[in-house]
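In what follows, a single structure is set out as structure tokens and then discussed.
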Amino acid sequence: MAELTVRCFTLMLLIIIAVWNTSLFESCDARRGGHWRHRAVSASLSSKKTKSHSGHSSHNNHHSGSKSKPKPKAKSPPKEAPVEPPVDDAPPQKGDSKTYNVLDFGAKGDGNTDDTKAFQDTWAAVCKVAASTMVVPSKYVFLVGPISFAGPNCQHNIVFQLDGTIIAPTNPKAWGKGLLQWLEFTKLIGITIRGNGVIDGSGSVWWQSTPLDDPDNEEKLIIPINKTLVHLPVPISPEDGVKMPSIKPTALRFYGSFNVTVTGITIQNSPQCHLKFDNCMGVSVYLITVNSPGDSPNTDGIHLQNSRQVLIHSANLACGDDCISIQTGCSNVYVHNVNCGPGHGISIGSLGRDNTKACVSNITVRDVIMHNTMNGVRIKTWQGGSGSVKGVLFSNIQVSEVQLPIVIDQFYCDKRTCKNQTTAVALSGITYERIRGTYTVKPVHFACSDNLPCVDVTLTSIQLKPVQERYHMYDPFCWQAFGQLYTPTLPPIDCLQLGKPSSNRIQSDHDVC
């Protein structure tokens, strides 16, 4: 009887142990299953976040099938869980981005179909999303008419990714009576144009439809030895034999924008100026190419006006006018590591036309190579103007077969008859250092105002040698130019008057910038 009792007790004990082990196993398995499910839901939400900008209702990430999960395991989603995305009608949040391809909006890219509307529709979508990208893909040629990529209601930090080619129409009907620009970006913040693509202005149909708008009067100093003039070649005729409008457009223009970047692209054959910045603050241009024939009229490479905090570097600029033109209202401009030629060099001005006030300050141009240009570094102003140009440095400029390497011309005038006037844009603090190479006409030309002479003009390490080619050669010329020679120059620039002028009109408050 006792033995039977012991056996029964042992059997009951084994049954109790077996039941207890089963419960323990199920509890552990439920914990493992809950942990796996929790991570899977988080991953799924993360995937949806990256693929869609539409809104979703929040989900509870608890595993509902694990009743045995203890309370300590029931935690809120981990920190890396995505934040619920905004709904479609909400403003874009910081960090949102999206890519929009012009092909998805109907662009053909065959070079013949008018893709203007497709570009407009793409831009309309891009404007709604901050830090989004408008893609113009490679291996396509897009025919695009005059278009404005306009703010100020666009989101910030938009990227225009240009890898294909954009060409301008050559049919005069596309331009009406004429426009000042072809592709315009206006009133934007943080706009970037980048890529390896090309903007082609089809300029040959424009270049001789009208006379020169603002020819350089320095041409009067360049007299061929045989006294024969060089004429421009006859360009391609416009479609249907119809002349293009008299107003010629700039290829790419930025107006009223902040933090503008242009990099990588090529701009070629513009009807007039290639790249222009008006009323912009914070401009960065680098690794770009401008390419037009040296005899294409008024085709400035980069034109700056009323723009501040500008950086231009690592660029190759070949055109028919100034490689870089710096106009009134510009300050804190830094240009370096630029190749210029053909063209008319790098110029400040022309300034003060039609008795206007011009203000330019703190300009640095250094580490530049110029080949076969009309001018090297130049400042040009009209008689009758007011204002000032001050704080200018031209440093480490290498010139090769440049006609007039160093020029100040305060008697600038186009081919019209210009009357003599006593007022002038005041020039002071102009420094030239390490300007070396070869010239074909005249090494230095300083023609300053009688009433407001140029002051504080300094020259250091100037070494310019003549190359006798097709033009008459001239010695350095100075008129009412005052300053200092810190080293001997080649050739000797004895005409620069040392010190200050004995009598100099003091600028009125109206003249001072």
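The values are calculated or read from the model by the stated rules, or taken from the named source; none is laboratory data. What you see is a predicted model; the values in this text were computed from it and never measured. Don't worry about glycine lacking a Cβ; one is built from the backbone with ideal geometry, like all the others, and counts go over all protein chains shown. Heavy atoms of the whole protein, side chains included, go into the accessibility calculation; ligands, DNA and RNA do not. Shrake-Rupley method; radii C 1.70, N 1.55, O 1.52, S 1.80 Å.
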Practice task
Could you please state how large a percent of the accessible area of the stretch 327-512 is carbon and sulfur, counting protein chains only and using a 1.4 Å probe?
Solution key: 49 percent
Fill in the blank from the handout: Rounded to the nearest 10 Å², the accessible area of LEU180 using a 1.4 Å probe with every protein chain kept is 110 Å²
Problem - Residue-normalised accessible area of the stretch 327-512, expressed per residue, 1.4 Å probe, Å² - result: 41 Å²
Problem - Distant-in-sequence amide H partners of GLN484 (H built 1.01 Å from N, under 5 Å) - result: VAL457, THR458, LEU459
Exercise for the section: Roll a 1.4 Å probe over the protein heavy atoms and report the accessible area of LYS419 in Å², nearest 10. Expected result: 140 Å²
Exercise for the section: Step through the residues of the stretch 138-153 one at a time and calculate ³J(HN,Hα) from phi using the Karplus curve (6.51 cos²θ - 1.76 cosθ + 1.60, θ = phi - 60°), rounding each to whole Hz and writing x for Gly and Pro. Expected result: 6, 6, 10, 10, 10, 7, 10, x, x, 8, 10, 8, 10, x, x, 7
Problem - Residue-by-residue Karplus 3J(HN,Hα) for the stretch 111-125, coefficients 6.51, -1.76, 1.60, Hz, glycine and proline x - result: x, 10, 6, 6, 9, 4, 5, 4, 5, 4, 5, 5, 4, 4, 6
Practice task
For SER148 paired with TYR286, estimate the spin-label separation in nm (one decimal), with each label point 7 Å from Cα along the Cα-to-Cβ line.
Solution key: 3.2 nm
Problem - Separation in nanometres of the label points that stand 7 Å from Cα toward Cβ, at GLN468 and GLN305 - result: 4.4 nm
Fill in the blank from the handout: Heavy-atom accessible area with a 1.4 angstrom probe orders TYR286, TYR412, most exposed first, as TYR286, TYR412
Practice task
May I ask you to compute the full-extension gain from ASP295 to ASP367, defined as 0.36 nm times their residue separation minus their alpha-carbon distance, rounded to one decimal in nm?
Solution key: 23.4 nm
Exercise for the section: Leaving ligands, DNA and RNA out of it, rank HIS336, HIS156 by accessible area with a 1.4 Å probe, largest first. Expected result: HIS156, HIS336
Fill in the blank from the handout: Taking 0.36 nm per residue of separation between ASP456 and SER503 and subtracting their Cα-Cα distance, the length gained on full extension comes to 15.5 nm
Exercise for the section: Give me the number: length gained by fully extending ASN355 to CYS418, i.e. 0.36 nm times residue separation minus the C-alpha to C-alpha distance, one decimal in nm. Expected result: 21.5 nm
Exercise for the section: Sort the following peptides by mean Cβ neighbour count (other Cβ atoms within 10 Å, averaged over residues), highest first: 491-503, 299-311. Expected result: 299-311, 491-503
Exercise for the section: Using only alpha carbon pairs under 8 Å that are at least six residues apart, calculate the relative contact order of the stretch 327-512 and give it in whole percent. Expected result: 17 percent
Fill in the blank from the handout: 1/(1 + (r/R0)^6) with r = Cβ-Cβ of LEU490 and LEU180, R0 = 51 Å, i.e. FRET efficiency to nearest 0.05, evaluates to 0.70
